[in-house]
Amino acid sequence: MIVESYNEAGALDALMEPYISTRICFSVKPEAEIFRFVKDASQMELDGKTYHPVPYAEFSNIASGDGQAADTGSITLDGANIISHSEQSVDEVLQSLLEFPLRDRPVQIGLIVLNTETMAPIGLIPQFVGFIDQAPLEVNDSGSRLDIHVASFRAYAQRQVARTYSDTDHQARFPGDKALRWISDAVFRGGKYAWNSTSARGSGAGRGGGGGGGGRYNQHHITDYHHR
């Protein structure tokens, strides 16, 4: 999660003045580094952090979920309104953004308040904190258009599914250990394992005498499973 603010009280006071000047900004963290952008023609420095200019970025209004659903919004980077000063074309620049893992990555949209006389930043007020839901890239005759759809963490929590720890997962961590294979087999055949005991046997059909299954495993985890 990204929650960045700077001199929020001073920025709120400045918003009460008769004349105000603001810029919308957003930050995204696809991996370890946070990338920051501001809707302005010039680069901006705030609290030792650099905000890169995206003057033609379009920000939708934040749609409130009213406590029942997620708050949502979008950030649009339309290639038709962007000029590239590098060797890459605008289409290539937008497509290169998708090389980062954007889905489910944290994002923040904020408001930078400027001094109306010097145009220096006064402070940053967070307005939306959430994650990137999806970032489809549309390519047509007029160019490329990247829509970054964002949602609040309520949506992220609601759509999580139960994580299944499978034999494939177990083999990746402990090559050669076949505990999950025998446990899965016992459950599939109607057997049961008594967890949190020093040893246990499956009650369904399988290897081992009597109770079936025939497996013994450590009381804390299944990585010390022994085969007979």
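If we count other beta carbons within 10 Å of each Cβ, what is the order of R181, R145, fewest first?
Taking fewest neighbouring Cβ atoms as first place, the list is R181, R145.
Could you pull the Rg and Dmax for region 16-59, using just the Cα atoms, both in Å?
12.1, 41
Set the Förster radius R0 to 30 Å, insert the Cβ-Cβ distance between D167 and N61 as r into 1/(1 + (r/R0)^6), and round the FRET efficiency to 0.05.
0.05
What is the extension gain from S5 to I34, computed as 0.36 nm multiplied by their sequence separation minus the C-alpha to C-alpha distance, in nm to one decimal?
Stretched fully, the S5-I34 segment lengthens by 9.0 nm.
At 0.36 nm per residue, minus the direct Cα-Cα distance, what do H149 and L111 gain on full extension? Give it in nm, one decimal, please.
Value of the extension gain: 11.8 nm.
Order of Y56, Y19, Y6 from fewest to most other C-beta atoms within 10 Å? Could the numbers behind the result be given before it?
Details: Y56 15, Y19 7, Y6 19.
Final ranking by Cβ density, sparse to dense: Y19, Y56, Y6.
Would you please state which residues of region 29-51 a label at T118 would reach in this model, taking the label point 7 Å out along Cα→Cβ and a backbone N cut-off of under 15 Å?
45-48
Values quoted throughout were computed directly from the atomic coordinates according to the rules given, and no laboratory measurement underlies them. Everything quoted here is computed from the prediction, not taken from an experiment. Here Cβ is always computed from backbone atoms with ideal geometry, including for glycine, and neighbour counts include all displayed protein chains.
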